[in-house]
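> After the structure tokens below, expect a handful of questions from me.
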Amino acid sequence: MLNENDSANDVANDTTNGTDYTKIDMYSPSTQDAEQYSGSQETLDEHEKVQPLPQAGQPASWAQQTQAGTYAASAPTGSVPPPVGQPPVRRGPSTASIVLLAVVLLLVFGTGLFAGWQFGRGGVSVPSSSQAGLQTDSSSHSQVTIPALSDNNIQTVREAVVTNIQPAVVQISTGSSLGSGVVIDKRGYIVTNNHVVANAQSLTVKLFDGNQLRATLVGTDATDDLAVVKINPPANLETANLGDSSSLKVGQEVLAVGNPLGNSQTVTHGIVSALGRNVSEGNGATIPNTIQTDAPINPGNSGGALVDLQGNVIGIPTLVAINSEYNTPANGVGYAIPSNRVKFIATQLINGGKVTHTGRAALNVTVVAVDASMAQRNGLAVQQGVMIVEVTQDGAAAKAGLQVNDVIVQIDNKNVTDSSSLSDALLSKNVGDKVAVKVYRGNQQLTINVALGELQAQTK
């Protein structure tokens, strides 16, 4: 039995086209000089959530469980042991060894991409790009002026952007691994990926000036793979400006800033390769409308900054593609959560510690996939589609007249054959959009117009 959120997540288990993806999450430092990485495939049911860290102001009772998508190796004394049952896979020669445990997450891409790659699903609507609720006081920053880009000053522009953004990008230590984060509010709020902090024993933030501060977990959103942590802010804390990701253009130059492989404040550059990539992770996170970039990103970059040449953070690097044939990262294929989505989620986490509005379109039903066996047992008129087993009271489907036992076979002009195709049919829709839902009610075929509702936020 699947609700619509489950449907989106189940897409991650479809391996038909043979391409995997992995989070570029955590890096675990070692006293050895060489780096080796390991990978294995694992998916978690949405209920197998790791216990979160204490909220801001609560005593520390650190989570001890492991979760898909974290790297762990050579952990500092007192940390939890790395996950077991994941043998290392060596990638190239080295003089010594560190073992990084990675989870190769199966992702599915949207249509219109080259053969052999899979793409994810999950559309959203996001409010305007204003920074309502965030306090950034840029007037106090010791920043340089970024000149307007011309034919002969690209290097000067890059250097100015780097000078301005680096003080707002931090390194996050979880007790066993390292990741990245971006200071988005002068009150000490830092946005990062949920998978960076999910297994943390403790949280320490290293600022640009080398100062290290304890942090508390404010809130997490596993569905969007975002989290906010908080430090007691020093007087000179620099913040980043979250730009408007809806104004991005394919081909424009971007810079990625983070802490790959434990190398602090590393900057790489590339372009926006594509927009609107909908990516589903196997651990419950469905990331809509991601920014695809060829700027090199590696383990430890997760939660860092993808920046345009005006100095605005326009995305949070989160995923890289894995070529399943060779089990190696695909060069130049990385994904970032767009800044407009980051603002929408992070503001809710800062204000209330949780997400109350998902901004995702939904029918507000729970469904099961129909096959020949089910059709025969239940006397259904069709052998594929999804059968409604629960209709949310006062939800979109209920208001339109959809009923339990209705079998959905089409939404607008897209056929629905199973739960993942239902998710696919909704990926580009927004809350309030009207769709034509074709169903079988017994032997009668009906078309019911539905004004889409909002996907309910997960509750813990």
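The values are calculated or read from the model by the stated rules, or taken from the named source; none is laboratory data. Quick caveat: nothing in here was measured; it's all calculated off a predicted structure. Backbone-built Cβ (ideal geometry, glycine too); neighbour counts: all protein chains shown. Ligands, DNA and RNA are stripped out before the accessible areas are found, and what is left, the full protein with its side chains, is counted by its heavy atoms. Shrake-Rupley method; radii C 1.70, N 1.55, O 1.52, S 1.80 Å.
> Can you run phi through the Karplus equation (6.51, -1.76, 1.60; θ = phi - 60°) for the range 274-280 and list ³J(HN,Hα) in whole Hz, with x for Gly and Pro?
Karplus values, whole Hz, x for Gly and Pro: 6, 10, x, 6, 9, 10, 10.
> Pull out the extension gain between Ile271 and Asp371, defined as 0.36 nm times the separation in residues minus the alpha carbon to alpha carbon distance; nm, one decimal. Provide the component values of the computation, followed by the final result.
Values: separation 100, 0.36 × 100 = 36.00 nm, distance 4.42 nm.
Contour length minus the Cα-Cα distance gives 31.6 nm.
> Please work out the average accessible area per residue across the range 213-336, using the 1.4 Å probe convention, and give it in Å². Before the final figure, lay out the partial values.
Details: 3720 Å² over 124 residues.
Ligands and nucleic acids excluded, the result is 30 Å² per residue.
> Using a probe of 1.4 angstrom, how much of the accessible area of the range 165-312 is carbon and sulfur, in percent? The partial results should precede the final answer.
Numbers: 1810 of 3970 Å².
Here it works out to 46 percent.
> For the range 228-364, what does the alpha-carbon gyration tensor say about shape, rounded, prolate or oblate, given a ≥ b ≥ c as the root eigenvalues, a/c under 1.5 as rounded, and a/b over b/c as prolate?
Working: a/c = 1.45, a/b = 1.11, b/c = 1.31.
Judged from the Cα gyration tensor, the range 228-364 comes out rounded (a/c under 1.5).
> Report, in listed order, any pair from Lys399/Lys429; Lys249/Lys343; Lys354/Lys429; Lys230/Lys429; Lys186/Lys429; Lys343/Lys438 with a Cα-Cα distance greater than 29 Å. Could the numbers behind the result be given before it?
On the way: Lys399/Lys429 18 Å; Lys249/Lys343 20 Å; Lys354/Lys429 24 Å; Lys230/Lys429 34 Å; Lys186/Lys429 35 Å; Lys343/Lys438 36 Å.
In this structure, Lys230/Lys429; Lys186/Lys429; Lys343/Lys438 lie more than 29 Å apart at Cα.
> Ok, one more. Given a cut-off of under 8 Å on Cα pairs at least six residues apart, what relative contact order in percent is computed for the range 317-389?
On the way: 62 pairs, mean separation 14.0, N = 73.
Worked out over the range 317-389, it gives 19 percent.
> Here's another thing I want to ask about it. What does the charge count around Leu203 come to, taking other residues whose C-beta lies under 14 Å from its C-beta (Lys +1, Arg +1, Asp -1, Glu -1)? Present the calculation step by step, with values, prior to reporting the outcome.
Working: positive: Lys206, Arg214, Lys230; negative: none.
For residues surrounding Leu203, the net value is +3.
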